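Participant: I'd like to ask you about the structure that follows.
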Amino acid sequence: MADIRFDKVRKVFDNGVVALEEFSLDIPSPRLVVLVGPSGCGKTTLLRLIAGLERPTSGSIMLGERRLDTTDPRTRDVAMVFQNYALYPHMTVRENLSFGLHIRKMAKDLIRTRVDEVSRSLEIHDLLERRPAQLSGGQRQRVALGRAVVREPSVFLFDEPLSNLDARLRDEMRFLIKQLYERLRTTTVYVTHDQVEAMTIGELLVVLRAGRIHQVGSPTDCYRKPCDTFVASFLGSPPMNLMHATYDLATRSVLLDSGVRFPAPATMSAALERAGEEALTLGVRPEDMRPAESGALSGELLLRGRVILREILGHETLTHLRLGEQKIITRGAEAVPAKSDGTAAIAVETGKIHFFSRTSGVRIDEEGAGALA
Ligand code: ADP
Ligand code: MG
């Protein structure tokens with residue numbers, strides 16, 4: 001059991017690309033941490049740094065008391081599972097699982113016992129004599145997982161391991177990985193660009209963009225209190241609706257660019273005055289909007305727009321509306337009903353509106369302007 005600690009790690013590739021910028025993060029053991037961010041934000045680079053496949057340009061990486069970035073990769077005790085499985089094609093499943101243990105000169109009968117045990121727990125015991133080409137994608141990924149598990153490493157690294165699987169298999173593997181973690185309690189760093197995967201797998205979420213950390217927190221915290229507009233729109237599907245608005249200090253009201261004005265919630269006006277922000281971005285989650293043909297209740301903001309699309313998903317329906325230049329998506333059990341002219345009214349409690357500075361994108365709330373991590 002060992003904590004992983006990044007201290008001001010910077011990684012610049014030879015071609016000048018800055019993959020990570022001042023990256024500092026503590027991953028206490030045992031923890032399942034999910035790093036999530038769009039493609040190209042530095043996720044793979046980060047895992048490769050932990051695995052020793054890359055060296056940081058500056059800064060340090062510690063595993064417990066050991067300085068990782070100067071340790072020989074072969075002695076790091078870290079197992080990585082990749083998106084593309086990376087199995088040895090000419091070896092059987094048993095050989096694939098045993099290979100790393102043979103290299104470490106483990107006794108043959110011990111290897112056999114361990115491989116049998118792990119392959120049973122991953123339900124690949126019947127496949128031990130097959131070669132990778134004779135397996136389905138899901139089975140290959142189980143073998144790749146098994147190969148990491150038999151080594152009993154002190155850290156697991158997962159690099160988008162579910163990306164090549166179809167939706168049903170992804171759900172199954174997600175469950176398997178989570179279960180495995182519950183059983184083994186080994187520090188795990190899991191990277192994905194998929195926010196649904198991130199929300200469901202992670203205990204601790206690290207949201208990355210362009211080599212920088214935007215937010216660190218539980219999935220629920222990051223979802224409910226995104227620290228900036230990037231996190232707000234990255235987590236959640238469909239994403240949070242973002243609208244431009246202006247704060248009017250004289251009347252303590254907020255004026256949406258679409259022309260609607262509403263009194264700022266009492267807790268917010270103090271925060272807005274403290275932050276000294278006038279140009280705002282407002283955020284509303286699709287599930288925080290309700291159909292309101294009969295008008296708004298007190299404390300609600302009423303918006304009227306034109307319905308442009310409905311998506312019926314069975315358990316919920318998405319309604320897309322257009323308010324002037326602004327597009328809005330709402331989500332609820334039922335579609336938002338439209339009048340004969342195609343318009344519909346929706347209401348949102350002003351207390352559920354997220355406020356961000358339009359210039360910096362940073363959240364403004366009662367606790368003051370949230371700082372970027
Ligand atoms: P992610 O895994 O989040 O998609 P990567 O860590 O693979 O992102 O890449 C981060 C950035 O570094 C990207 O801009 C990528 O093009 C660049 N990059 C990755 N590996 C190399 C390399 N070996 N040489 C040069 N640039 C690289
Ligand atoms: Mg990657």
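The values are calculated or read from the model by the stated rules, or taken from the named source; none is laboratory data. Note that this is a predicted model, so its numbers are computed, not measured. No Cβ is skipped: glycine too gets one built from the backbone with ideal geometry, and neighbour counts run over all protein chains shown. To get the accessible areas, we keep the full protein, side chains included, count just its heavy atoms, and leave off ligands, DNA and RNA. Shrake-Rupley method; radii C 1.70, N 1.55, O 1.52, S 1.80 Å.
Participant: Quick check, is V36 surrounded by 15 or more Cβ atoms within 10 Å (Cβ to Cβ), of a type in the set (A, V, I, L, M, F, W, C), touching a residue at least 12 places away in the same chain (Cβ under 8 Å) and touching a His at 6+ places or on another chain (Cβ under 9 Å)? If you could, list the steps in order and put the result at the bottom.
Facilitator: Working: surrounded by 15 or more Cβ atoms within 10 Å (Cβ to Cβ): yes; of a type in the set (A, V, I, L, M, F, W, C): yes; touching a residue at least 12 places away in the same chain (Cβ under 8 Å): yes; touching a His at 6+ places or on another chain (Cβ under 9 Å): yes.
In short, yes.
Participant: If you don't mind, there's one more thing I want to ask. Given (1) open to solvent by less than 30 Å² (accessible area, probe 1.4 Å); (2) at negative phi, where does D257 come up short, assuming only one miss?
Facilitator: The failed condition is (1).
Participant: Filter segment 33-49 for residues that are away from ligand 1 (no atom under 12 Å from the Cβ) and farther than 21 Å from C222 by Cβ and give the result. Spell out the reasoning first.
Facilitator: Let us first name the residues in segment 33-49 that are away from ligand 1 (no atom under 12 Å from the Cβ), namely 33-34.
Selection gives nothing.
Participant: Which is closer than 13 Å to G211 by Cα, more than 16 Å from ligand 2 (Cβ to nearest atom) and either out of contact with any Leu (no Cβ under 7 Å at 6 or more places or on another chain) or modelled with pLDDT of 90 or more (or both), of E22, E65? Step through it out loud before you land on a result.
Facilitator: Details: E65 fails: closer than 13 Å to G211 by Cα.
None of the others qualify; the one that does is E22.
Participant: Out of (1) within 17 Å of the chain's Cα centre (by Cα); (2) among the polar types (S, T, N, Q); (3) modelled with pLDDT under 95, the odd one out for Q215 is which?
Facilitator: Unmet for Q215, out of (1) within 17 Å of the chain's Cα centre (by Cα); (2) among the polar types (S, T, N, Q); (3) modelled with pLDDT under 95: (3).
Participant: Tell me, which residue of segment 263-291 that is open to solvent by less than 20 Å² (accessible area, probe 1.4 Å) and modelled with pLDDT of 95 or more is farthest from S360 (Cα to Cα)?
Facilitator: Here the residue is M289.
So that you can scan it fast, the table gives a plain yes or no per residue for (1) without any contact (Cβ under 8 Å) to a residue 12 or more places away in the chain; (2) assigned to a strand (DSSP E or B); (3) out of contact with any Ser or Thr (no Cβ under 7 Å at 6 or more places or on another chain):
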site	(1), (2), (3)
G236	no, no, yes
L242	no, yes, no
L255	yes, yes, no
F262	no, yes, no
L301	no, yes, no
R306	no, yes, no
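Participant: Now, a different point. Which of the residues that make up segment 50-85 are touching a Pro at 6+ places or on another chain (Cβ under 6 Å), within 16 Å of ligand 1 (Cβ to nearest atom) and of a type in the set (G, A, S)?
Facilitator: G52 - this is the single residue of segment 50-85 that is touching a Pro at 6+ places or on another chain (Cβ under 6 Å), within 16 Å of ligand 1 (Cβ to nearest atom) and of a type in the set (G, A, S).
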